[in-house]
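Working notes, structure below.
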Amino acid sequence: MQSFKRLPRHIGIIPDGNRRWAQKNGLNKEDGYDYGIGPGLELYQECVKLGIKEITFYGFTQDNTKRPAVQTKAFQKACIDSVLKLLEYDANLFIVGNTDSPLFPRELLPYTRKVIGKGSINVNFLVNYGWDWDLSQSLSNGQSGEGFAKGIASSDISRIDLIIRWGGRRRLSGFLPIQSIYADFYVIDEMWPDFQIDHLYRALNWYQEQDVTLGG
């Protein structure tokens with residue numbers, strides 16, 4: 001395992017390209033999500049070995065649920081299956097999303113904040129998440145100004161140091177706008193189901209060369 005002089009404390013993961021991968025491999029679009037579960041667990045295990053303190057996975061957004069019902073059911077199931085597999089490992093699991101919506105998987109309600117095993121790493125999972133929903137919680141809680149972030153739904157998620165996006169798209173797609181404010185952003189052209197450990201190491205090697213100033 002490669003060693004690094006500087007590691008990000010918190011890595012954000014945007015696992016894009018599942019549908020495109022499925023079509024490329026002669027499958028239906030919705031079939032791609034199931035092939036993204038294994039890569040997520042593999043990446044999680046490597047981050048534990050490296051000593052990364054926190055990772056956040058983009059599950060699905062409220063906008064994603066506008067897709068055909070068969071696709072919505074497929075990525076909902078993939079999120080459920082991912083969490084159930086993670087139960088076999090050690091993590092402080094925090095699921096963030098609009099639980100009031102019928103599109104939030106009921107099976108995940110017991111795991112909206114659950115310590116699994118030793119809790120060797122914080123794992124955040126965005127499920128039925130929307131950036132506008134997240135930020136609007138601050139307004140409904142009556143908080144504004146400098147304390148705005150304290151009232152948002154994702155306030156327990158720390159600032160992100162590095163965001164890695166698979167699938168070649170160069171956009172955040174509403175991914176934790178407050179926590180991403182100073183994040184470095186690395187794009188991998190390969191699609192998420194084609195994940196390899198080398199993708200993570202390419203991003204970490206690139207991160208070594210970045211000038212982290214946090215605006216200073």
Do you know which residues across the range 58-83 are without any contact (Cβ under 8 Å) to a residue 12 or more places away in the chain and either of a type in the set (Ser, Thr, Tyr) or closer than 27 Å to His10 by Cβ (or both)?
Asn64
Checked the range 5-52 for anything surrounded by fewer than 19 Cβ atoms within 10 Å (Cβ to Cβ), among the aliphatic types (A, V, I, L, M) and assigned to a loop (DSSP other than H, G, I, E, B); matches are Leu7, Leu27
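From the list Asn205, Asn141, which one is at pLDDT 90 or above, more than 30 Å from Asn25 (Cα to Cα), among the polar types (S, T, N, Q) and more than 18 Å from the chain's Cα centre (by Cα)? Quick ask: steps written out before the conclusion?
Working: Asn141 fails: at pLDDT 90 or above.
Every option except Asn205 fails the conditions.
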Condition (residue is part of a helix (DSSP H, G or I), over 16 Å from Phe175 (Cβ atoms) and either touching a Ser or Thr at 6+ places or on another chain (Cβ under 9 Å) or without any contact (Cβ under 8 Å) to a residue 40 or more places away in the chain (or both)) applied to the range 86-103: is it met by at least one residue?
no
Counting only residues that are assigned to a loop (DSSP other than H, G, I, E, B) and in contact with a Cys (Cβ under 8 Å, 6 or more places away or on another chain), which one in the range 104-138 is modelled with the lowest pLDDT?
Ile121
Tell me which residues, restricted to the range 190-216, are touching a strand residue (DSSP E or B) at 6+ places or on another chain (Cβ under 8 Å) and not in a helix (DSSP H, G or I).
Glu190, Met191, Phe195, Gln210, Val212
Where a residue in the range 168-190 is touching a residue at least 24 places away in the same chain (Cβ under 8 Å) and over 14 Å from Tyr129 (Cα atoms) and its partner, wherever it lies, is acidic (Asp, Glu) and in a loop (DSSP other than H, G, I, E, B), with Cβ under 9 Å and at least six apart:
Gly168/Asp16; Gly168/Asp189; Gly168/Glu190; Arg169/Asp16; Tyr182/Asp161; Ala183/Asp161; Asp184/Asp161
All but one of (1) closer than 27 Å to Ile152 by Cβ; (2) free of Cβ contacts under 8 Å to residues at least 60 places away in the same chain; (3) acidic (Asp, Glu) hold for Asp34; state the number of the condition that does not hold.
(1)
Any idea how many residues of the range 81-103 are within 23 Å of Asp31 (Cβ to Cβ) and crowded, with 17+ Cβ neighbours inside 10 Å?
3
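The values are calculated or read from the model by the stated rules, or taken from the named source; none is laboratory data. Quick caveat: nothing in here was measured; it's all calculated off a predicted structure. Because the Cβ atoms are built from the backbone with ideal geometry, glycine has one as well, and the counts that use them run over all protein chains shown.
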